[in-house]
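Read through the structure below, which is laid out as structure tokens, and then see the notes.
The values are calculated or read from the model by the stated rules, or taken from the named source; none is laboratory data. Bear in mind the structure is a predicted one, so any value in this text is a computation, not a measurement. Here the Cβ positions follow ideal geometry from the backbone for every residue, glycine too, while neighbour counts run over all protein chains shown.
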């Protein structure tokens, strides 16, 4: 069960179809990608890389990255991805945590193999342009063999290493494919999440990569994005909420059939703006985590008027119906999940005690999110479980506040034992904000110039940074 086999089978059917277009407009077909993968795998096999060997990757998001991933999996090697939002610190952490056999880098990143003490001793330095000879055969691997090691965002502590086996990746790809499989031929996707590019390769769908810095989604140029969409005939986008915000700000956004978004809370106001600007688009909100992707999803068209009113009155944030292949339970309001595509343990088992639960013979993952299930079986999010202030969870307050006049962003946080509602917005409405906040709980409203956001998708509140900012 080599995870690359599904891609190569699709490549044989779609030899001349474009597989990936990078942010600069360079393209590669499925056939050429498979051929390059073959030569690269042969080169690395000749240099002694094989089944179970860990390869630490430091490359930008581009065609070379996906060729390299497929080549590594082809020979049974394990791809190690550092947490990109951490930059150099994330790379060093990944090297110390996984002890790789080889370092794969391109461009400027190759210098890091010499500069970083964690990598200096590695004799195997690989590049995505290595070339071997002959026809490389796909290595036989077991479903339980490791294929990928990636890291949690580190937003709640040191990033934790997650190992995905070939069987796990195949299952995860199947669950992602259930969401993104096109209903018609010829869809072209703008994809900001690598996991969806991998799924698209197995589905035979063309993926166009971002033309903006994915570490700074909130700084992306919306006119440039729109031109990118039109230039490449993009029909669907898979992007974080911060990019959706920019699309919703366009006077005349390019036509899209579908918008998939996730990686952070998607507030009702954004869904309404997207519906107004792109009335023909199916907007799908996906809820998941690094350890469990996906968990639930919501089509914007299914949000009822009573749901919108409930969110404005403090009911939390509607996430939609859990996918059928996942099991959810609530313990003291915290969302726990299990299923074949849910991570069962970290590379360092010391992390398991705080994040995994063994219940009736099954391993459940603690998401760290609080939630509830309504009478229709839909999941509502209440925010991070540990971010509760007294009896108040963040999302019931924040989602309600986002519907108030002049509010651009809101965040609930405890400061010196008091509940503070930080608001980024037009201060002329401050007295009204305080009056409305009084109806939600014992809260003090504080206007702030900018609420800090997470480093990965620039869509979630960074409560630790906000706490420092308010002190």
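So for the stretch 97-112 (the condition being crowded, with 19+ Cβ neighbours inside 10 Å, touching a helix residue (DSSP H, G or I) at 6+ places or on another chain (Cβ under 6 Å) and outside any strand (DSSP E or B)), does at least one residue qualify? Checked against the condition, which is being crowded, with 19+ Cβ neighbours inside 10 Å, touching a helix residue (DSSP H, G or I) at 6+ places or on another chain (Cβ under 6 Å) and outside any strand (DSSP E or B), the stretch 97-112 yields no hits at all.
Conditions tested, residue by residue: (1) touching a residue at least 24 places away in the same chain (Cβ under 8 Å); (2) surrounded by fewer than 24 Cβ atoms within 10 Å (Cβ to Cβ); (3) part of a loop (DSSP other than H, G, I, E, B).
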site: 40; (1), (2), (3): yes, no, no
site: 45; (1), (2), (3): yes, yes, no
site: 51; (1), (2), (3): yes, yes, yes
site: 56; (1), (2), (3): yes, no, no
site: 64; (1), (2), (3): yes, yes, no
site: 72; (1), (2), (3): yes, no, no
site: 76; (1), (2), (3): yes, no, yes
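Among the residues of the stretch 136-183, which ones are assigned to a loop (DSSP other than H, G, I, E, B), within 15 Å of residue 52 (Cα to Cα) and touching a helix residue (DSSP H, G or I) at 6+ places or on another chain (Cβ under 6 Å)? Outline the logic, then answer.
Restricting attention to the stretch 136-183, the residues satisfying the condition of being assigned to a loop (DSSP other than H, G, I, E, B) are 136-145, 152-160, 181-183.
Then drop every residue that is not within 15 Å of residue 52 (Cα to Cα), which leaves 138-145.
Result: 138, 141, 143, 145.
Only one residue in 264, 288 is within 21 Å of the chain's Cα centre (by Cα), within 20 Å of residue 191 (Cα to Cα) and in a loop (DSSP other than H, G, I, E, B), so which one is that?
Answer to the selection: 264.
All conditions but one from (1) modelled with pLDDT of 95 or more; (2) under 15 Å from the mean Cα position of the chain (by Cα); (3) under 23 Å from residue 147 (Cα atoms) apply to residue 205; the one that does not is (2). Can you pull out every residue in the stretch 291-330 that is farther than 30 Å from residue 161 by Cα, out of contact with any strand residue (DSSP E or B) (no Cβ under 8 Å at 6 or more places or on another chain) and either part of a strand (DSSP E or B) or in contact (Cβ under 8 Å) with a residue 24 or more places away in the chain (or both)? Those that are farther than 30 Å from residue 161 by Cα, out of contact with any strand residue (DSSP E or B) (no Cβ under 8 Å at 6 or more places or on another chain) and either part of a strand (DSSP E or B) or in contact (Cβ under 8 Å) with a residue 24 or more places away in the chain (or both): 308, 312, 313, 314.
If you scan the stretch 321-346, which residues turn out to be in contact with a helix residue (DSSP H, G or I) (Cβ under 7 Å, 6 or more places away or on another chain) and buried (at least 16 other Cβ atoms within 10 Å of the Cβ)? So that I can check it myself, show each step before the final result.
Here is the first cut: in the stretch 321-346, the residues in contact with a helix residue (DSSP H, G or I) (Cβ under 7 Å, 6 or more places away or on another chain) are 323, 325, 333-334, 340-341, 345-346.
Hits for the stretch 321-346 are 323, 334, 341, 346.
What pairs come up if the first residue lies in the stretch 113-125 and is within 20 Å of residue 53 (Cα to Cα), the second is surrounded by fewer than 16 Cβ atoms within 10 Å (Cβ to Cβ), and their beta carbons are under 9 Å apart, counting only those six or more places apart or on different chains? If the second residue must be surrounded by fewer than 16 Cβ atoms within 10 Å (Cβ to Cβ), the pairs left are 113/120; 113/125; 118/96; 119/125; 120/114; 124/47; 124/48; 125/114. A residue that is in contact (Cβ under 8 Å) with a residue 12 or more places away in the chain, part of a strand (DSSP E or B), touching a strand residue (DSSP E or B) at 6+ places or on another chain (Cβ under 8 Å) and more than 24 Å from residue 272 (Cα to Cα) occurs somewhere in the stretch 392-404.
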